[in-house]
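First up is the structure itself, then whatever we jot down about it.
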Amino acid sequence: MFMVGILLSASVQLAGKVWLGMAAAGFVLALGLSWIRSRAIQTAQSTIPATPIPFHLVLFAISIMALGAARYQLSLPDLNSMEVLAHYNNLSSEARVTGVIIQPPQILENQTNLRIKVQEIQIVGEQAVVSVKGELVARLRGIETWQYGDRLQVRGHLETPPEFEDFSYREYLAQQGVYSYMGDGIPHRLSSLQGSPILAWIYAYKKYALETVYRLWPDPEASLLAGILLGDESGIPDEVDQAFRDTGTSHIIVISGFNITIIAGLLMALFSRLFGSGEFGVRWAAIFALLGIALYTILVGADAAVVRAAIMGGLALFATLVGRRQVGLNTLALVAAAMVAINPQVLWSVSFQLSFAATLGLVLYADPLKESFERLASKFVALERAQKWSPAVGEYFLFTLAAQVLVLPVIIYHFQRISLSSLLANPLILPVQPPLMMLGGLALLVGTVYFPLGQLLAWITWPFVVYTIHLVEQLAKIPGGALNLGEVRLVVVILFYALLFGLTFVGRQFRKVAKWFKPGAALVGLMVLTILIWRSVMAAPDGRLHMTLLDVGTGDGILIESPAGRKLLIDGGPSRRALSDALGRRLPLGKRQLDWLVIAAAGDEQIGGLADNLDRFVVEKVLWAGPDQGRYVASDLQSYILQKDIPLENAAAGQILDLGEGASLKVLEVGQRGAVLLLEWEKLRVLLPIGLDFELLTDLESRQDLKGITALLLAESGYAPVNPTEWIDSLEPQMVLLSVAAGDREGLPSPETLEAAREYNLLRTDQNGWIELATDGEQVWVEVEKR
């Protein structure tokens with residue numbers, strides 16, 4: 001009733017004092033009726049017949065509901081108070097706010113979000129400095145290193161968080177107690193180390209753990225594991241994230257009760273085997289399982305959402321221990337009410353709802369599903385064997401299924417879509433999630449202490465992650481696999497739960513859940529698929545030269561693999577996530593090494609994606625062309641290269657990089673913007689004028705040795721002045737390549753350039769995705785991403 005009161009208060013706008021008055025009046029009346037009833041019984045010295053409606057209990061329930069409503073109203077900020085930060089939202093004047101960063105910065109593509117606990121505010125043009133209370137999300141350009149505990153002053157316009165067509169950022173932040181937003185902030189650091197030393201240590205460890213994840217695994221596997229293990233989803237490529245959404249499997253990425261309840265069940269099963277199944281063993285198993293959950297909570301950063309999920313996961317473990325569903329349900333209700341009492345806004349949090357639903361699913365269905373499996377299996381094998389199979393099936397499949405049963409309606413309500421392919425995807429990927437989480441977490445923990453051993457464990461984990469991603473991506477391609485439902489009304493979800501609970505509590509729960517589950521066949525199939533994937537990824541050089549124009553947006557990222565197996569990356573484009581994903585898919589797990597990194601142009605759109613990526617790969621040598629000063633990204637990248645003692649050479653015209661087996665990359669010219677390169681092997685000649693400027697263009701137009709090239713990469717994503725029609729025609733290319741983002745902000749490629757390339761075979765990343773040229777020296781094969 002307490003939570004019902006919060007929901008009611010969100011719709012019925014009454015002051016908190018009014019709700020408190022109603023709660024107090026209800027309690028007084030309930031106590032009065034209870035006292036009158038008690039006195040009547042004592043006077044009559046006999047039992048008074050029970051009334052059809054226990055009015056004193058009804059009044060108690062109404063009072064608790066009014067108390068919840070009052071708690072919600074009192075949690076809202078008083079916008080009329082000058083001591084509340086949100087009071088200053090949407091003013092025409094800029095404001096200077098002073099406060100402390102209270103969470104690790106959220107680093108996105110070329111921008112950083114800071115969550116600041118504000119202490120003071122000054123409106124620009126006014127003298128008064130006002131002490132205020134409230135939190136602020138400030139969006140800053142660039143990825144400068146900010147830390148938890150930094151005290152800073154930010155100047156900009158305070159706004160109410162925006163509303164988007166398909167997402168309410170205002171509601172999302174309000175659930176966290178944030179009511180102010182600054183999208184144009186200019187920050188200035190005042191001091192550091194102003195936060196909690198314990199939280200500072202936890203966040204520092206999480207940052208180090210995140211760096212370790214990307215050293216242990218390639219992308220996109222690393223980004224997925226970063227989401228599952230550390231709650232950092234910022235690195236997951238958009239295509240991969242959309243594939244998980246389309247297949248209804250995105251719940252495995254978000255850290256919620258779903259993840260932690262599964263971890264709790266696995267830890268309990270593991271330690272029960274170590275300590276025995278007796279009372280003493282179960283008690284110690286529970287203690288160590290709870291310690292494991294606490295360790296995982298710290299590992300992922302211990303933010304509010306994760307702590308709530310951990311509490312829910314511990315509760316599911318408690319319900320399993322006591323073995324009584326009613327006790328588990330009562331405890332779950334009390335814990336949920338306590339969380340909502342602390343922060344009423346959490347009731348609208350998707351993370352809280354997922355945690356609650358997953359825990360409720362385990363409390364209600366984990367044991368019944370195991371019993372149903374034993375009964376079904378005993379029809380085909382001996383009961384003793386079925387009972388031996390039951391723990392493994394429960395740990396690796398039924399626990400996740402029990403949680404998923406109640407999580408699904410929450411996902412449908414919030415994301416307004418149902419994935420028909422999820423009916424196939426979830427049964428296929430859920431069995432590998434427990435070993436993925438356990439082995440992945442163990443590899444990460446060990447890797448932060450002793451990296452070589454962690455790397456070995458990471459290799460063991462890697463096939464499970466590859467299986468998950470590849471299966472989800474393939475199922476996402478099924479036509480009509482995702483059904484958009486539009487707005488799903490809350491009453492539909494309530495009716496679904498009412499029907500489900502009605503069937504549950506009358507004993508009609510899912511008796512045929514494991515009918516078609518065959519552990520042996522599933523395991524063999526998974527092993528075969530893993531071996532095939534492993535062989536394809538770890539394959540030795542095939543004796544051909546491969547050049548892949550990566551789909552990294554507006555800018556160039558080119559990966560070259562020579563016939564001898566040497567690997568070379570030219571620039572990388574502007575997107576950190578896109579580059580990490582593209583390289584992670586193409587470099588072998590055991591040898592993520594680049595023999596050369598060639599900086600052919602040092603603009604932000606060409607090398608912005610290299611930021612934070614060089615830690616994830618081993619770079620043997622760097623060849624640098626173009627300016628290295630005056631640009632933040634270029635200067636920062638050069639500083640990193642020097643800090644890591646990576647040999648760096650300045651490019652010069654005529655310089656040749658030997659790629660083995662007669663293949664080479666030649667530096668034709670070097671100018672103010674960068675270099676013009678020529679890739680050659682046997683009959684293949686690919687011209688890469690990445691650093692082309694007008695002066696170099698004049699020099700190149702007079703060269704006769706470039707006629708009849710195999711492929712031409714258009715300079716500057718098809719910018720017309722550096723791609724004149726006469727020059728393209730003089731080169732007589734067999735094909736023309738273009739690297740540009742879909743819907744480029746500058747309107748690239750230029751219409752004139754497209755007209756000039758119209759007579760040639762034109763391949764472009766915004767339409768074809770990545771483009772790969774492969775040759776044996778005589779013939780050239782072209783493959784593009786299927787979109």
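The values are calculated or read from the model by the stated rules, or taken from the named source; none is laboratory data. Because the structure is a prediction, the values reported are computed rather than measured. In this analysis, Cβ positions are derived from the backbone assuming ideal geometry, glycine residues included, and neighbour counts consider all displayed protein chains.
Among the conditions (1) without any contact (Cβ under 8 Å) to a residue 60 or more places away in the chain; (2) in a helix (DSSP H, G or I); (3) not polar (S, T, N, Q), the only one that Tyr214 does not satisfy is (1). With respect to Ala310, is the statement that it is part of a helix (DSSP H, G or I), surrounded by fewer than 17 Cβ atoms within 10 Å (Cβ to Cβ) and modelled with pLDDT of 75 or more true? Answer is no for this residue.
Of the set (1) in a helix (DSSP H, G or I); (2) under 19 Å from Gln779 (Cα atoms), all apply to Leu697 but (2).
Going by the conditions given, is Glu109 touching a Lys or Arg at 6+ places or on another chain (Cβ under 7 Å) and at pLDDT below 90? Taking the combined requirement at face value, the residue satisfies it.
Checking the conditions here, which among Tyr148, Tyr179 is surrounded by 15 or more Cβ atoms within 10 Å (Cβ to Cβ) and over 21 Å from the mean Cα position of the chain (by Cα)?
Details: Tyr148 fails: over 21 Å from the mean Cα position of the chain (by Cα).
None of the others qualify; the one that does is Tyr179.
For the structure I just gave you, tell me whether Val740 is touching a strand residue (DSSP E or B) at 6+ places or on another chain (Cβ under 9 Å), surrounded by 13 or more Cβ atoms within 10 Å (Cβ to Cβ), on the phi < 0 side of the Ramachandran plot and not in a loop (DSSP other than H, G, I, E, B). Criteria not met by Val740. Annotation: of all residues in the stretch 117-145 being surrounded by 18 or more Cβ atoms within 10 Å (Cβ to Cβ) and among the β-branched types (Val, Ile, Thr), the one that is modelled with the lowest pLDDT is Ile143.
Cβ contacts < 8 Å: first residue farther than 11 Å from Thr753 by Cα, restricted to the stretch 705-727; second residue among the aromatic types (Phe, Trp, Tyr) and not in a loop (DSSP other than H, G, I, E, B), any location; separation 6+ or different chain. Result? Hits for this filter: zero, empty list.
One line per residue, one yes/no per condition, for (1) more than 17 Å from Leu688 (Cβ to Cβ); (2) at pLDDT below 80; (3) not in a helix (DSSP H, G or I):
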{"position": "Glu605", "(1), (2), (3)": "no, no, no"}
{"position": "Gly608", "(1), (2), (3)": "yes, no, no"}
{"position": "Val619", "(1), (2), (3)": "yes, no, yes"}
{"position": "Leu623", "(1), (2), (3)": "no, no, yes"}
{"position": "Pro627", "(1), (2), (3)": "yes, yes, yes"}
{"position": "Ala634", "(1), (2), (3)": "yes, no, no"}
{"position": "Leu637", "(1), (2), (3)": "yes, no, no"}
{"position": "Tyr640", "(1), (2), (3)": "yes, no, no"}
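If you go through the stretch 441-469 and keep only what is surrounded by 17 or more Cβ atoms within 10 Å (Cβ to Cβ), modelled with pLDDT of 90 or more and either among the aromatic types (Phe, Trp, Tyr) or within 18 Å of the chain's Cα centre (by Cα) (or both), you end up with Leu444, Trp462, Phe464, Val465, Val466, Tyr467, Thr468, Ile469. Checking Gly743 against (1) under 38 Å from the mean Cα position of the chain (by Cα); (2) modelled with pLDDT of 90 or more; (3) not hydroxyl-bearing (Ser, Thr, Tyr): exactly one of these is not met. Which one? If we test Gly743 against (1) under 38 Å from the mean Cα position of the chain (by Cα); (2) modelled with pLDDT of 90 or more; (3) not hydroxyl-bearing (Ser, Thr, Tyr), just (2) comes out false.
Just so you know, in the stretch 662-684 the residues that are among the charged types (D, E, K, R) and touching a Gly at 6+ places or on another chain (Cβ under 8 Å) include one that is surrounded by the fewest Cβ atoms within 10 Å (Cβ to Cβ), and it is Lys683.
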